[in-house]
1. Please list, ordered by first then second residue, the pairs with beta carbon atoms under 9 Å, 6 or more apart or interchain, first in the stretch 84-112 and in contact (Cβ under 8 Å) with a residue 60 or more places away in the chain and buried (at least 20 other Cβ atoms within 10 Å of the Cβ), second of a type in the set (Ser, Thr, Tyr) and in a loop (DSSP other than H, G, I, E, B).
2. Which one of these is under 19 Å from Ala109 (Cα atoms) and hydrophobic (A, V, I, L, M, F, W, C): Ala35, Ala58, Ala49?
3. Within the stretch 81-124, track down each residue that is β-branched (Val, Ile, Thr) and farther than 23 Å from Arg53 by Cβ.
4. Just need a number here: residues in the stretch 39-55 that are touching a helix residue (DSSP H, G or I) at 6+ places or on another chain (Cβ under 7 Å), within 15 Å of Gly6 (Cβ to Cβ) and not polar (S, T, N, Q).
5. If only one of Val74, Val30, Val70, Val36 is farther than 23 Å from Ser2 by Cβ and in a loop (DSSP other than H, G, I, E, B), which one is it?
6. Would you mind finding the one in Val30, Val72 that is among the hydrophobic types (A, V, I, L, M, F, W, C) and more than 18 Å from the chain's Cα centre (by Cα)?
7. Within the stretch 82-102, how many residues are in a helix (DSSP H, G or I) and more than 23 Å from Met117 (Cα to Cα)?
Amino acid sequence: MSQVRGFLLLGALTTLIDYALYALLILWDVDYVAAVVLGYSAGLWANYALGRRYVFRAGSKLESSRKEFVAVAVIAVGGVLINILAVKLLSHDLFTFDPLFSRIIGIGAGFVWNYGMRKRYVYH
């Protein structure tokens, strides 16, 4: 299985975790920034653990698993900011889209960011 396809399948699974938690929190009237961060964090943990084992099997470019995790976490900060920005712009500032829809746009943009950055800086 190609790496991109594996990352896409893994992303679909972990996005379900992320989005389900996000949607639940939005329905409970939790602030969208907190909902994005909590949902994204839950998905990130699953994505990191499974991605390291099943997608990026060639290993890390970094010399320790601690440095690898820190690099993935730093990249994830960019991904969560992309998601927050998408919801903010599409649901609060520029348009009045449903925040559940806006988050789907953010997830797509975040996928491109995360794969590209991990492939370039973290994994072979």
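The values are calculated or read from the model by the stated rules, or taken from the named source; none is laboratory data. Everything quoted here is computed from the prediction, not taken from an experiment. Heads up, the Cβs are rebuilt from the backbone with ideal geometry, glycines too, and the neighbour counts pull from every protein chain shown.
1. none
2. On the way: Ala58 fails: under 19 Å from Ala109 (Cα atoms); Ala49 fails: under 19 Å from Ala109 (Cα atoms).
Residue meeting the stated conditions: Ala35.
3. If we filter the stretch 81-124 for residues that are β-branched (Val, Ile, Thr), which is where we start, we get 82, 84, 87, 96, 104-105, 107, 112, 122.
Result: Ile82, Ile84, Val87, Thr96, Ile104, Ile105.
4. 6
5. The unique qualifying residue is Val30.
6. After ruling out the rest, the residue left standing is Val30.
7. 9
Conditions tested, residue by residue: (1) modelled with pLDDT under 90; (2) among the aromatic types (Phe, Trp, Tyr); (3) within 24 Å of His92 (Cα to Cα); (4) crowded, with 16+ Cβ neighbours inside 10 Å.
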| site | (1), (2), (3), (4) |
| --- | --- |
| Ala23 | no, no, yes, no |
| Tyr32 | no, yes, yes, yes |
| Gly39 | no, no, yes, yes |
| Asn47 | yes, no, no, yes |
